[in-house]
Amino acid sequence: MRPAIGTTRRTVLAGAAALGAAVTLPLTPTPGAAHAAAGDAAALRARWHTLLTGGPGLDLTDERIAAAVARTGKAATTAAKGLDPSRTDGLFEDLTSTTLSNHVTTSFKRLATIATAWAVPGTPQHGDTTVRDLLLAGVDWMLTNRYGPGHTRFDNDWDWEIGSALALNDASVLLYDALGADRLERITTAVRHYTPDPNLWRADRQIATGANRVWVSTVVAVNAVLRDDGDALGTVRDALSDVEGSGANSVLAFNDGTDGAAGTGEGFYADGSFLQHYKHPYNGGYGKELLNSLSRLLNLLAGTGWAVTDPALDNVRGWVVDGFDPLLVRGDVMASVCGREIARPSKQGHASAQTVVEAVLRLIPGFPGETGEVFTALVKQWIAEDTYRDFLTVTDPASLVAALRVLDSPVPARGPLVAHKQHPRMDKAAHHRPSFALGISAYSSRIYTYESIQNENLHGWHLSDGMVLLYTDDLGHYSEDYWPTVDPTRLPGTTVVAGRPADAAGQRTTSTADWAGGTALSGTTLGAYGMELRAYGSTLRALKSWFCLDDVIACVGSGIGADAGAVETVVENRKLRDPAAALLVDGAPAPAGTGWSARMDGVRWLHLEGTGGYVFPEPAGLRGLREDRTATWREINLKYGTDTPVTHPYLTLWHDHGDAPSGAGYFWLQAPAASAARTRRWAAAPPVELVSRSTAVHAVRRPSDGLLAANFWSAGTAQELTCDGPASVLVRPDGRTVTVALSDPTQLRSSVVLDLDLPGLTVVSADPGVRTTATGRGLRITADTAGLHGATLDLTLKRS
């Protein structure tokens, strides 16, 4: 291949060769591959071939590798069903549409699946000439009848420029020696017809951003390898950094660098947030696919004249540590950041996590030293802690070989994550404790409600209306058909107007409210989070707070009102692992049979077996319901759903605020994974006390150490705290030390002024932009919050 000598690469990337030089090893090293000459097209094809197959040196005497090879063969057998190049209406009998573009992509994906088995030693298809000839005839059929310059595209651009092209490229690498020059020319010409430029995509040639840019770049790169075109590889390298656009849409740089002003703001942010389609949180969807494709591209280009040398490549560590690790829970991906993929039966939580693990495995060889060790420790932990879906028994041969090598390394696993992590750039929070994890999903003027395009995720109406997802030792809870069967009008944690909106109602809309976010105390599992809810399609308004204080989450609501409609706040909506799981109401068992429903008055505490406890320091009126819920995936996804009915048992608990309420509220303590005995004790002596539940401030205190947590919706006072406007604040005494953490969740204020009425305080340390002055009763804290986008500022004080 000819290197891209004399290309117009901007000097902004000059002198940063160290990172690119470090990325020198393919996923599965083969003799000489790591140091292949830059002009050796065959070596690059071999490298991509190894990414797809695991390479020629698979140890079939290892039972785990033999099983992975067997899975590859089985997948190919399934993919080949109905394959018939003599047909005139479609290559596959179930993929004959000329209006649904995913039929084209799926046809190519099936060919690539079969080609993979043909190329992997040990499969029934390996090296079989009949299989080879069938594959070649299949490729010819698609080029003649569906894909290429002579055909008009229809439906979704993604299928033509990305999905079909990726699969055809892979099949072509695998079949390269059997293609012949004429067929290879037809293939590469067809792909270039749809995807000629790694910077642009869609029929109207829009600027490609985020995952789409990496996908398009991958298509161009592999096509370039097939054509022996080094100049095209140079454009791919530059496209990752958006050299043509002066970096405005770089996929490597954090969007915070340009504040999204020059581009769309799509991609990763420094806090770990990932946005795609402008304002949709998407770490577990497009974000994981970006990481997956980029890991392959880096592997392909490593050690060549086109290696990525952009210093922003180092940001990948932040993506993994801040953007994926906090959003993974024992092999599941928090659904709040998976977008419309939650409505795909093939993308249930643990399947999505597999993609993340595979991507990081590919990255490890290219990030030697500390980053490589961090990635190794994470992968070891992720694989070990997912006891629901064993990664080693579901992944492909290449990733399995890499995983076994990592597991054999001396680097220890990271250990379970215990942390409180907030993502202000996408209005999400994650709370990890040893026995549970909890995710909170909000939206605001900055972030969309949910995504429902391509007839997918049709019932995602309340995914960001304060949804709280609890992850316990029931690792399959959000897999196994949760999303089609859960009542989408009563998602846990949400406050809603009862009723069923139209399919896709309110998707891709922002709120008129700015207040969403909170404060996290560094090095602890203490966090305050909240949102001002202004519901789509109704006059419903509510102020909602979650104070995550280690093993207790204090849930506070006020100002709940609507001009019309019955309003509810959902305490819990749990798919029951055991249909007869005991529900205790103030210690007395509720009926366990399906169909039970009740209005419960004066409730002090509840305990649901296998889930945890709920304490109501102010006796509450609640509604409860047990039901078997039956649905099909087609109901929430017309594109990829199936028509097979699925049924699961659920228990739902909610506050009924009545019709057209005004000024309603709530206060309860959620104790995930707590025993019934502990829940009873906490009901008698609540571990968190309510300080304020007004429309100015929500605040709670923990008596054991005096911790005070407050969300100020406007100027107000909560005991020793007085704030001049919207803010989120934590004050934690610890002996003679007092730590203060604060933020501006509206992301609009230039400063926050907080009076802390505690005498005898002196400053030990303070984040930049935090200043103090003495007052008659304590300290005035002034924090510069302009440009921080909701990030937390810390101040450490000492008592005299």
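Things to note:
- Any hit, segment 756-764, residues being more than 19 Å from Leu543 (Cα to Cα), in contact (Cβ under 8 Å) with a residue 40 or more places away in the chain, in the same structural domain as Arg701 (by TED's automatic domain parsing) and of a type in the set (S, T, N, Q): no
- Remark: Arg701 falls outside the filter, which requires a residue to be touching a residue at least 60 places away in the same chain (Cβ under 8 Å), of a type in the set (D, E, K, R) and over 30 Å from Ser597 (Cβ atoms).
One line per residue, one yes/no per condition, for (1) in contact with an Asp or Glu (Cβ under 7 Å, 6 or more places away or on another chain); (2) at pLDDT 95 or above; (3) among the β-branched types (Val, Ile, Thr):
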position: Gly260; (1), (2), (3): no, no, no
position: Asn283; (1), (2), (3): no, yes, no
position: Leu297; (1), (2), (3): no, yes, no
position: Pro311; (1), (2), (3): no, yes, no
position: Asn315; (1), (2), (3): no, yes, no
position: Val320; (1), (2), (3): no, yes, yes
position: Phe324; (1), (2), (3): no, yes, no
position: Gly331; (1), (2), (3): yes, yes, no
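Table: residues versus (1) out of contact with any Asp or Glu (no Cβ under 7 Å at 6 or more places or on another chain); (2) touching a residue at least 24 places away in the same chain (Cβ under 8 Å); (3) loosely packed, with under 15 Cβ neighbours inside 10 Å.
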residue	(1), (2), (3)
Asp601	yes, no, yes
Glu618	yes, yes, yes
Glu627	yes, yes, no
Ala684	yes, no, yes
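- Hits in segment 755-782 - residues which are among the hydrophobic types (A, V, I, L, M, F, W, C) and in contact with a Ser or Thr (Cβ under 6 Å, 6 or more places away or on another chain): Val763, Val764, Leu779, Ile781
- Restricting segment 281-338 to residues that are in a loop (DSSP other than H, G, I, E, B), among the hydroxyl-bearing types (Ser, Thr, Tyr) and touching a helix residue (DSSP H, G or I) at 6+ places or on another chain (Cβ under 7 Å) leaves a set whose member that is nearest to Pro424 (Cα to Cα) is Tyr282.
- Residue match in segment 540-555 (condition: free of Cβ contacts under 8 Å to residues at least 24 places away in the same chain and buried (at least 17 other Cβ atoms within 10 Å of the Cβ)): yes
- Verdict on His657 being of a type outside the set (Asp, Glu), in contact with a helix residue (DSSP H, G or I) (Cβ under 6 Å, 6 or more places away or on another chain) and either surrounded by 16 or more Cβ atoms within 10 Å (Cβ to Cβ) or at pLDDT 95 or above (or both): no
- Going through (1) crowded, with 24+ Cβ neighbours inside 10 Å; (2) of a type in the set (A, V, I, L, M); (3) in a loop (DSSP other than H, G, I, E, B) one by one, Ala413 falls short only on (1).
- Taken over segment 232-252, the criterion of being in a loop (DSSP other than H, G, I, E, B), hydrophobic (A, V, I, L, M, F, W, C) and modelled with pLDDT of 95 or more is satisfied by Val243, Val251, Leu252.
- Any hit, segment 505-518, residues being among the hydroxyl-bearing types (Ser, Thr, Tyr), crowded, with 24+ Cβ neighbours inside 10 Å, at pLDDT 95 or above and touching a Gly at 6+ places or on another chain (Cβ under 9 Å): no
- Residues located in segment 147-168, provided they are buried (at least 22 other Cβ atoms within 10 Å of the Cβ) and more than 27 Å from the chain's Cα centre (by Cα): Tyr147, Leu168
Conditions (1) within 31 Å of the chain's Cα centre (by Cα); (2) of a type in the set (Val, Ile, Thr), marked per residue:
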| position | (1), (2) |
| --- | --- |
| Leu748 | yes, no |
| Val753 | no, yes |
| Leu756 | no, no |
| Leu761 | no, no |
| Val764 | no, yes |
| Arg777 | no, no |
| Asp784 | yes, no |
| Asp794 | yes, no |
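- Considering residues of segment 546-591 that are in a strand (DSSP E or B) and charged (D, E, K, R) only, the residue nearest to Leu708 (Cα to Cα): Glu572
- Search result, residues across segment 238-259 that are within 24 Å of Ser164 (Cα to Cα) and either surrounded by fewer than 20 Cβ atoms within 10 Å (Cβ to Cβ) or over 26 Å from the mean Cα position of the chain (by Cα) (or both): Asp238
- Looking across segment 42-63, just one residue is of a type in the set (Gly, Ala, Ser), over 23 Å from Leu184 (Cβ atoms) and surrounded by fewer than 20 Cβ atoms within 10 Å (Cβ to Cβ), and that is Gly57.
- Subset of segment 646-658 (residues that are over 16 Å from His459 (Cβ atoms) and not hydroxyl-bearing (Ser, Thr, Tyr)): Pro649, Leu651, Leu653, Trp654, His655, Asp656, His657, Gly658
- Inspection of segment 471-485 identifies at least one residue that is crowded, with 20+ Cβ neighbours inside 10 Å, hydrophobic (A, V, I, L, M, F, W, C) and outside the structural domain of Ala727 (by TED's automatic domain parsing).
- Matching strands (runs of 3 or more DSSP E) fully within segment 713-752 where at least 1 residues are among the small types (Gly, Ala, Ser) and either modelled with pLDDT of 95 or more or touching a strand residue (DSSP E or B) at 6+ places or on another chain (Cβ under 8 Å) (or both): 716-718, 727-734, 737-743
The values are calculated or read from the model by the stated rules, or taken from the named source; none is laboratory data. Since the structure is predicted, the reported quantities are computational estimates derived from the model, not experimental observations. When we count neighbours, we look across all protein chains shown, and the Cβ atoms used for this are built from the backbone with ideal geometry, even at glycine.
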